[in-house]
Amino acid sequence: MDFEHSEEERLFRAAARDFVGSEVIPHAAQWEEEARFPWDTWRQLAELGLCGMSLPAEYGGGGGGKTMLCIATEELAYGSAGLAVAFLVSCGIAMDGICKHGTEEQKNEYIPRCAGGEIAFFALTEPGGGSDVGPMQTRYRPTEDGYSLAGTKTFITNGEESSFGVVLATRAPGAGHRGISAFVIDKDAPGLSTGKKEKKTGQHCSSTTEIVMDDCVIPQQGLLGKEGHGLRIALEAIDRSRVAIAAQALGIARAAYDESVRYAKERQAFGKALGQLQAIQWMIADMSTELEAARLLTYSAASLIDHGDLAIRESAMAKLYASEAAGRICHRAVQIFGGYGYSRDTPVERFSRDQRVTEIYEGTSEMQRWAIARQVLGMK
Ligand SMILES: Cc1cc2nc3c(=O)[nH]c(=O)nc-3n(C[C@H](O)[C@H](O)[C@H](O)COP(=O)(O)OP(=O)(O)OC[C@H]3O[C@@H](n4cnc5c(N)ncnc54)[C@H](O)[C@@H]3O)c2cc1C
């Protein structure tokens, strides 16, 4: 397989990198301090075509696929992991089910809205469980002309900024996987509200909130795919989207690595640059090697998905490896910076906080290992 980017992908990466250099990096620390979503920057992203770039061209997207989504995510995460997660959830996992299983009406409605800069959410996790979603409590019941939903989703990215999203609900708790259906819901639907906002370790400019539904009434056209197919739609969306978390981890890790290399050349100790000390050289060598391995796993999985393969094993390996490698890389970056690495005056402490959750969301590392082992062992 050819892991090199095409000319179009290289040009796209260069343009995204320029944008992040001028519009994201200078402001990212302040967005975090103020826990403020950068709406102006987001609108610029939409105007540049980034929000629609990976969505189908026949509905107003750019038709770019997963590799383009990963390139954009990696570049954004290099500057702001919070902005990157808002992007990859809205333009990735939240739109996956709509693009693959939506009716013509749903595609014509929601794909242009996302491409135009409206933000979407994906609501699967509940207070009772994220890894095991079988015992789901959020219920739906058919009404005369639609559905009514009741329940609370938790840890929902873009909870505040979004204007629509996908919600998973069961027709009865205990009905099992076949009882679960997916719905596309506008945020102004009666009975829907944004609940508690999480106080997180990092990625503060991206909101993570509850989505609360109290007799939330939606029309019949809100059903996504067939009734009872919701869990399959959600799990496939996660399978196709988790590689974007690998790309996010890669972007954070590359930022930590670049800062470390720069600092190792500048900072003096015992009459020489840190980079002349073997202990530091070994850290830089390991960081460089792990970064390259993460890059290869990420873009080979993205390429497989773009060629129509669900690539469950490959994207789980990419997410597992890239997120954990990013953890080791950020840890070493803090070490190389010494005391300054523990200060908010340098960016590496932010990178190490932002990285941590890449090992948790869209399937924890344990769930990735489980998925990989099941694929290897041929288990259903
Ligand atoms: C910042 C942030 C943003 C998020 N955004 C979204 C979002 O937009 N939409 C959404 O739906 N969810 C979102 N989540 C939720 C996230 O996907 C879940 O937190 C994650 O799937 C883990 O679920 P949990 O927190 O319930 O942990 P649990 O499932 O309770 O797991 C706890 C621990 O047990 C381990 N564990 C569980 N089962 C097994 C097993 N079978 N084998 C081995 N170990 C196991 C886990 O790996 C973990 O270490 C977000 C979370 C965070 C922190």
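The values are calculated or read from the model by the stated rules, or taken from the named source; none is laboratory data. If you're wondering where the values come from, they're calculated on a predicted model, not measured in any experiment. All Cβ positions, even for glycine, are placed from backbone atoms using ideal geometry, and neighbour counts span all protein chains on display.
Scanning for something over 20 Å from residue 193 (Cα atoms) and touching a Ser or Thr at 6+ places or on another chain (Cβ under 9 Å), does the stretch 120-127 turn up at least one residue?
No, the stretch 120-127 contains no residue that is over 20 Å from residue 193 (Cα atoms) and touching a Ser or Thr at 6+ places or on another chain (Cβ under 9 Å).
Could we say that residue 175 is in the same structural domain as residue 222 (by TED's automatic domain parsing), at pLDDT below 95 and of a type in the set (A, V, I, L, M, F, W, C) here?
So residue 175 fits the description; yes.
Within the stretch 67-171, which helices (runs of 4 or more DSSP H) (wholly inside it) include 2 or more residues that are more than 23 Å from residue 219 (Cα to Cα) and not aliphatic (A, V, I, L, M)?
Because the criterion is at least 2 residues that are more than 23 Å from residue 219 (Cα to Cα) and not aliphatic (A, V, I, L, M), the helices (runs of 4 or more DSSP H) in the stretch 67-171 that meet it are 81-88.
For the stretch 116-129, which positions are within 11 Å of the ligand (Cβ to nearest atom) and out of contact with any Phe, Trp or Tyr (no Cβ under 7 Å at 6 or more places or on another chain)?
121, 122, 123, 124, 126, 127, 128, 129, listed by residue number.
Can you tell me which residue among 166, 184 is more than 14 Å from the ligand (Cβ to nearest atom), surrounded by 22 or more Cβ atoms within 10 Å (Cβ to Cβ) and outside the structural domain of residue 73 (by TED's automatic domain parsing)?
Unique residue meeting the criteria: 184.
Is it fair to say residue 134 is at pLDDT below 95, closer than 26 Å to residue 357 by Cα, more than 9 Å from the ligand (Cβ to nearest atom) and not acidic (Asp, Glu)? Walk me through it before giving the result.
On the way: at pLDDT below 95: yes; closer than 26 Å to residue 357 by Cα: yes; more than 9 Å from the ligand (Cβ to nearest atom): yes; not acidic (Asp, Glu): yes.
So residue 134 passes the test.
Restricting the first residue to the stretch 2-26 and requiring it to be aromatic (Phe, Trp, Tyr), which pairs with a second residue that is assigned to a helix (DSSP H, G or I) and surrounded by fewer than 16 Cβ atoms within 10 Å (Cβ to Cβ) meet a Cβ separation below 8 Å and a spacing of at least six or different chains?
Taking only residues 6 or more apart or on different chains, the pairs are 3/296; 19/44.
Go through the stretch 169-181 residue by residue and tally those that are buried (at least 16 other Cβ atoms within 10 Å of the Cβ) and more than 15 Å from the ligand (Cβ to nearest atom).
Here the count works out to 3.
Counting only residues that are modelled with pLDDT of 95 or more and within 16 Å of the ligand (Cβ to nearest atom), give me the helices (runs of 4 or more DSSP H) lying completely in the stretch 276-380 with at least 1 of them.
312-337, 348-356, 365-377
Being surrounded by 14 or more Cβ atoms within 10 Å (Cβ to Cβ) and either outside any strand (DSSP E or B) or near the ligand (Cβ under 10 Å from one of its atoms) (or both) is the filter here, so list the residues in the stretch 199-220 that pass it.
Of everything in the stretch 199-220, those that are surrounded by 14 or more Cβ atoms within 10 Å (Cβ to Cβ) and either outside any strand (DSSP E or B) or near the ligand (Cβ under 10 Å from one of its atoms) (or both) turn out to be 200, 202, 203, 204, 205, 206, 207, 208, 209, 211.
Considering only the stretch 144-162, state which residues are more than 19 Å from residue 363 (Cα to Cα), within 15 Å of the ligand (Cβ to nearest atom) and among the polar types (S, T, N, Q).
Of everything in the stretch 144-162, those that are more than 19 Å from residue 363 (Cα to Cα), within 15 Å of the ligand (Cβ to nearest atom) and among the polar types (S, T, N, Q) turn out to be 152, 162.
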